[in-house]
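Here the structure comes first, spelled out in structure tokens, and everything after it is commentary.
The values are calculated or read from the model by the stated rules, or taken from the named source; none is laboratory data. Bear in mind the structure is a predicted one, so any value in this text is a computation, not a measurement. Neighbour counts run over all protein chains shown; Cβ positions are idealised from the backbone, glycine included.
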């Protein structure tokens, strides 16, 4: 995570981390780097990804869709929802 995340109050860090990850996923999803293109690639309505970014929380289903679109090597579902998914050892 970017170093500025350290200055975010601890209570808000998880939301800031998810917002950053969604933005990075959008950049990886298309040259334009827009949330609209990310949503299109995932086959979902743009509103769903906009709401997730606004809240700083993402559903397990959306985490899986991002992983499927961009690949587990770059965006494993555990990045977005470590409370739901555990990295296999």
Regarding residue 66, is this residue part of a helix (DSSP H, G or I) and under 18 Å from residue 15 (Cβ atoms)? yes
Identify, from the list 70, 74, 79, 50, the residue that is crowded, with 17+ Cβ neighbours inside 10 Å and more than 15 Å from residue 17 (Cβ to Cβ). 70
So which residues in the range 11-56 are assigned to a loop (DSSP other than H, G, I, E, B) and either modelled with pLDDT of 95 or more or more than 13 Å from residue 80 (Cβ to Cβ) (or both)? 30, 31, 32, 33, 34, 43, 44, 45
Considering only residues that are over 8 Å from the mean Cα position of the chain (by Cα) and over 18 Å from residue 45 (Cα atoms), which ones fall in the range 16-34? 16, 17, 28, 31
Restricting the search to the range 31-47, which residues are more than 27 Å from residue 6 (Cβ to Cβ) and either in contact (Cβ under 8 Å) with a residue 12 or more places away in the chain or surrounded by 14 or more Cβ atoms within 10 Å (Cβ to Cβ) (or both)? 34, 36, 37, 39, 40, 41, 42, 43, 44, 46
Pair list, Cβ under 7 Å, 6 or more apart: the range 75-89 residue in a helix (DSSP H, G or I), other residue exposed (fewer than 12 other Cβ atoms within 10 Å of the Cβ) and modelled with pLDDT under 90: 78/86; 78/87
